[in-house]
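The values are calculated or read from the model by the stated rules, or taken from the named source; none is laboratory data. Because the structure is a prediction, the values reported are computed rather than measured. Counting neighbours? That spans all protein chains shown, and the Cβs are built from the backbone with ideal geometry, glycine included. Please note that ligands, DNA and RNA were not included when accessible areas were found on the heavy atoms of the full protein model with its side chains. Shrake-Rupley method; radii C 1.70, N 1.55, O 1.52, S 1.80 Å.
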Amino acid sequence: MKYTSLKPQQLPPIFRFRRRARTAPMKKRLPITTISRALTGSYCSSTTSTTASFPLKHVTRSNFDSALSSLSHHIRAADFVAIDLEMTGVTSAPWRDSFEFDRFDVRYLKVKDSAEKFAVVQFGVCPFHWDPLKQSFIAHPHNFFIFPRQELPFDGPAYEFLCQTTSMDFLTKYQFDFNACFHEGVSYLSRKQEDEALKRVNSIYQDEPLDSCNSMKETRDNPLVNIADILFAERMKNRLIEWHNGLLQDRNGGSEIQPSLNRSKQQFQTIFFKMRPAISLNGFTSHQLRLIQLVARKHFKDLVYLRGSGENSDSHHLIVYTDSEGDKKMLMKEVKDEQHREVEMKIKAAIGFRQVIDFLASEKKLIVGHNCFLDLAHIYSKFLGPLPLTAEEFILSVNKYFPHIIDTKMLLNSNNVLQQRMKKSSTSLSSAFSVLCPQIALGSKSSNLALQSCVKVEVEVDDMRSSNWNSGAKHEAGYDAFMTGCVFAQACSSLGIDFKHHSSENLAHNEKLQEHINLLYLSWTNGDIVNLSTGRTCESVGSSKHKNRYPKILFERIVLVWGFPSGLKAREIRECISRVLGPTSVISVYHVDETAVFIQFSKAEMVSEFLGLKESLERSNDPISVLHPFAKLLEGGKTRAASYETYKEICSSSISKVLFADQAEAVGIKWKTKLVESSKLEVQTREHESLHKVNSVSEKIDDITDELSCGQLSPDEIVDSFCTAKVTRIRTSNF
């Protein structure tokens, strides 16, 4: 799932879990086929063949360990690994969608918000390995169901994530198995979560004394007041005395101690714990166990009560006999160290799916995705740690883990040869797959495809293998990863990469791919591309074909306005401002949502003039202010305005309200107008020079008022004169 919630429909039909015999090897067919195969090499023949249909390698927690073992082998041998993710949503609010007026750093903040708020429910991993004998790629598609389950008892609050209705509807449309995800999905811990859990455990087991370990905490020595508790404690003391004396008698050469009552065999079982005699306590309530612990500590110096520790079960409650004080300390240290190791093992086991990410990072393989910047943000957020605050930090961090990444969407749009192959088709994954890989997309090799050279791809899932494969599943992450890898393989062939001679070469270092490595679309809205190697942004080579709705955006000329009266249209806002600052003052007005707009001025200084005029009108108590053209924009007294930096500040908040005006209020913005800092400094330096000009303007306003009272001016003349006076006052004092 990429930046859009819905994907175009794929071409391959669905054949659910249908299994057929594998096609016989080519060498056993007629000689003419053998000759054709030898001549065409890695390219498709015109021979028709039956499509093999078997499902993806679906991985849940029940088969995760075995799948991880085989996947690690395939990744180690792979020439590249294709990935794809399915998420529960993309945008947490309409205004968090990607806009043309979004600056590079703001686009990252929106991607960051999406990755932090939504969950990944499916992760597709498909290693591709070139087989020189078969002259084809061997693909191993894996479809992981993952779910952020709470695996550790001290994880804190349960995980929370958002679900976007369009995304959930999309998953449902393509028969996504929510039961498999939520019930059997593989859980995970990020590296940051693992480090924090280990530090917490180490602080518990290293800093606390032996007798205050979490598993051996003692009850307070409070006097018993309940008659039932007193009787129970006395009875337990007698039984412990009997068992204790029996141990000493046996130690002195007497007979082996036996429980005095038959039912004691169920509740008191004599066992050996770490080569020491002990009683396993069974069938007692937690309150009764606390009373037994109190009795053992108060009346027996050589008996140790252990809770939550045992060789067979963590729920065992034991009373262990020790020979001396030194032996007692040794036992408690052994138990404490053992429990420490057990908790560490639980933390390691809770890493779960992150083992796949760790292995990909350690192998430094070429990672291939389609429009995959959001995918990388999810991978970082879910499996590595909290996303960095800035795009620059994120880019450098990602590059350390994954130094070689190809974005097939960027690749298709930046190369003329591939653009010709696409024939102006959409560069969505489904479209690229059907155009570049028709023999795979259609599940056959028909004669009408013979003239189209295509890289051969065979699919292997467990013991099943086919060169004409149909998984029977649309839009599953594993299949989308497979499609992404096929598109990349075909794109490489179109770029002139001959796989027959690359066996000893790392594909990530191929000279024909170097200009495309680590270039990813940050957003397709206006062709922004980020270079993961340098951290810089650039425009796509093919972005000229993408026509922007608006002129070139200069962020220093933009003002953000929100909270204006509902129903006010962009045309009306433009007219309000143009009547004051001039007919060419406003370049464009862009709606963020129904409560906010971006206004781009023709000159940067007009930002200061507009903000200053708005602030002055809101402070003014002149009755005539209601006739000002801005009055329509300021009606209601809730209109706010600021420069572009305030927009970035609002986007950086983790809060997500549906309407932008509500978001700004939730962030804590109380002021009505935020003047630009340069304007404030300019005002301070020029204030004493402009004082007499302000007085003369005020006199002119008084003259207008007098003429109005005498009926000498028409309504239009009043407004125009008032606006001229106001603008003059603003331009001299900025207030």
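Sort through 416, 371 and tell me the only one that's on the phi > 0 side of the Ramachandran plot and either surrounded by fewer than 17 Cβ atoms within 10 Å (Cβ to Cβ) or touching a Leu at 6+ places or on another chain (Cβ under 9 Å) (or both).
371
Hey, can you tell me all the residues within segment 584-605 that are open to solvent by less than 20 Å² (accessible area, probe 1.4 Å) and among the aliphatic types (A, V, I, L, M)?
If the condition is that a residue be open to solvent by less than 20 Å² (accessible area, probe 1.4 Å) and among the aliphatic types (A, V, I, L, M), then 586, 589, 592, 596, 597, 599 are the ones that fit.
Could you grab the pairs with beta carbons closer than 6 Å, sequence gap of 6+ or different chains, first residue in segment 550-575 and within 16 Å of residue 609 (Cα to Cα), second one exposed (fewer than 15 other Cβ atoms within 10 Å of the Cβ)?
Cβ pairs passing all conditions: 556/604; 557/604.
Check 350, 391, 296 and return the single one that is open to solvent by less than 10 Å² (accessible area, probe 1.4 Å), under 30 Å from residue 106 (Cα atoms) and at pLDDT below 95.
Just one listed residue meets the conditions, 391.
When you look at residue 248, is it modelled with pLDDT under 90, open to solvent by less than 30 Å² (accessible area, probe 1.4 Å) and not in a loop (DSSP other than H, G, I, E, B), yes or no?
In short, no.
State all residues of segment 359-378 that are part of a helix (DSSP H, G or I) and either touching a residue at least 60 places away in the same chain (Cβ under 8 Å) or touching a Phe, Trp or Tyr at 6+ places or on another chain (Cβ under 7 Å) (or both); if no residue qualifies, say none.
359, 360, 361, 363, 373, 374, 375, 376, 377, 378
With the requirement that a residue be over 17 Å from residue 564 (Cβ atoms) and either touching a residue at least 24 places away in the same chain (Cβ under 8 Å) or in contact with a Ser or Thr (Cβ under 8 Å, 6 or more places away or on another chain) (or both), what does segment 658-676 give you?
Once the filter is applied, which keeps residues that are over 17 Å from residue 564 (Cβ atoms) and either touching a residue at least 24 places away in the same chain (Cβ under 8 Å) or in contact with a Ser or Thr (Cβ under 8 Å, 6 or more places away or on another chain) (or both), segment 658-676 yields 658, 666, 667, 675, 676.
Would you tally the residues in segment 76-97 being out of contact with any Cys (no Cβ under 8 Å at 6 or more places or on another chain) and surrounded by fewer than 20 Cβ atoms within 10 Å (Cβ to Cβ)?
Residues flagged as out of contact with any Cys (no Cβ under 8 Å at 6 or more places or on another chain) and surrounded by fewer than 20 Cβ atoms within 10 Å (Cβ to Cβ) within segment 76-97 amount to 5.
Checking the conditions here, which among 161, 147, 128, 104 is under 12 Å from the mean Cα position of the chain (by Cα) and of a type in the set (Phe, Trp, Tyr)?
Criteria check complete, one pass: 161.
Kindly indicate the residue of segment 476-498 that is open to solvent by 10 Å² or more (accessible area, probe 1.4 Å) and in contact (Cβ under 8 Å) with a residue 24 or more places away in the chain and also farthest from residue 423 (Cα to Cα) among those meeting that condition.
By that ranking, first place goes to 476.
Yes/no per residue for (1) part of a helix (DSSP H, G or I); (2) buried (at least 21 other Cβ atoms within 10 Å of the Cβ); (3) basic (Lys, Arg); (4) out of contact with any Leu (no Cβ under 6 Å at 6 or more places or on another chain):
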| position | (1), (2), (3), (4) |
| --- | --- |
| 383 | yes, yes, no, yes |
| 395 | yes, yes, no, no |
| 409 | yes, yes, yes, yes |
| 421 | yes, no, yes, yes |
| 427 | no, yes, no, no |
| 431 | yes, no, no, yes |
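Before we move on, is residue 197 modelled with pLDDT of 80 or more, under 29 Å from residue 338 (Cβ atoms) and aliphatic (A, V, I, L, M)?
Answer is yes for this residue.
Name the residue, out of 142, 129, that is at pLDDT below 95, in contact with a helix residue (DSSP H, G or I) (Cβ under 6 Å, 6 or more places away or on another chain) and crowded, with 16+ Cβ neighbours inside 10 Å.
129
Can you tell me how many residues within segment 58-80 are within 15 Å of residue 353 (Cβ to Cβ) and touching a Gly at 6+ places or on another chain (Cβ under 9 Å)?
The total comes to 5.
Of all residues being open to solvent by 50 Å² or more (accessible area, probe 1.4 Å), of a type outside the set (A, V, I, L, M) and in a loop (DSSP other than H, G, I, E, B) in segment 650-666, which is farthest from residue 598 (Cα to Cα)? Just the residue, please.
654
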